[in-house]
Amino acid sequence: MAGATEVGVLDLTFTAENDLSAKQFYAVELSAADQVDLCDGATDTVIGILQNKPTAGQAATVRVLGKTKWVCDGNAAAIVAGYWVGTDASGQAVRKSTDKDKSAGIALRGSTTAGDVIDVLLTPGCTLSV
C-alpha cells in the first residue's frame, strides 16, 4: 500500500530574520510582523515549518497547514505515528504528551533517530489537555 502523498494546503511567505539556509523542514515562529525565525524554546508557538533555505532578509516559505516534512530531534521520547508533536529548543520535532504542552501537529510516521525527517499533519495552535 502506498503512503500518503505530499499535499501542502497552505504556504505563506515571510521574511527570514536570520540565516535559515541550514534549517529547511525545521519549525519557525513569528519574530516580528511578517518575519520568522527558528523556534528556540520548547514552549514556542510554532507558526509552521520552513519549506525553503533562505538567508537573512530573504523570503521564507512556511507551511502553516497540511502535510509537511519535519526534522526530528531523536533524543527525546520516541515519536510514534499518530502521536502529537511540537518543537524543541532547536526547531526539531519532539513528541508532546504532557498537559499544557504546545503541539503543532500529528506524526504520520515515527522515528527515534536524530536528524530523521518525518511526515507530519500540521494542526497549529493546539495545547494538550491530558
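Computed over the chain, the percent of Cα pairs more than 18 Å apart is 47.
The residues neighbouring Pro54, those whose beta-carbon lies less than 12 Å from its own, together hold a net charge of -1 under the Lys/Arg +1, Asp/Glu -1 convention. Ordering Val117, Val46 from the fewest to the most neighbouring beta carbons within 10 Å gives Val117, Val46.
The modelled label-to-label distance for the pair Ile106/Ala56, using points 7 Å beyond Cα in the direction of Cβ, is 4.0 nm.
Considering every Cα-Cα pair within the stretch 23-80, what fraction, in whole percent, is farther apart than 19 Å? Everything past 19 Å amounts to 28 percent. Scanning residues 5 or more positions from Gly48 or on other chains, those with amide H under 5 Å from its amide H are Val28, with H placed 1.01 Å from N in the peptide plane. Note that the stretch 83-88 has calculated 3J(HN,Hα) couplings of 8, 6, 10, x, 8, 9 Hz, one per residue in order, obtained from phi through the Karplus relation 6.51 cos²θ - 1.76 cosθ + 1.60 (θ = phi - 60°); glycine and proline are x. For the chain, modelled as a GNM whose springs connect Cα atoms under 10 angstrom apart, the maximal fluctuation among Asn18, Asn52, Asn75 occurs at Asn75.
3J(HN,Hα) couplings calculated from phi for the stretch 18-26 with the Karplus curve 6.51 cos²θ - 1.76 cosθ + 1.60 (θ = phi - 60°) are, in sequence order, 10, 5, 10, 5, 9, 10, 4, 6, 10 Hz; Gly and Pro show x. The mean sequence distance of close C-alpha pairs (under 8 Å, at least 6 residues apart), as a share of the length of the chain, puts its relative contact order at 25 percent. Here's how it looks for Gln58: its modeled amide H is under 5 Å from those of Ala16, which are all 5 or more places away or on a different chain. Which residue, Leu38, Leu108, Leu50, has the most motion in a Gaussian network model of the chain that connects Cα atoms within less than 10 Å? Fluctuation is largest for Leu108.
Charge dipole (Cα centre; +1 on Lys/Arg Cβ, -1 on Asp/Glu Cβ; no other charges) of the chain amounts to roughly 380 debye. Working note: Karplus 6.51/-1.76/1.60 with θ = phi - 60° gives the stretch 67-75 the couplings 8, 9, 8, 8, 6, 8, 6, x, 9 Hz, where Gly and Pro are set to x.
Read-outs: derived from the displayed coordinates by stated rules, not from any lab. This structure is a prediction, so every number in the text was calculated from the model and none was measured. Every residue, glycine among them, receives a Cβ derived from its backbone with ideal geometry; neighbour counts consider all protein chains shown.
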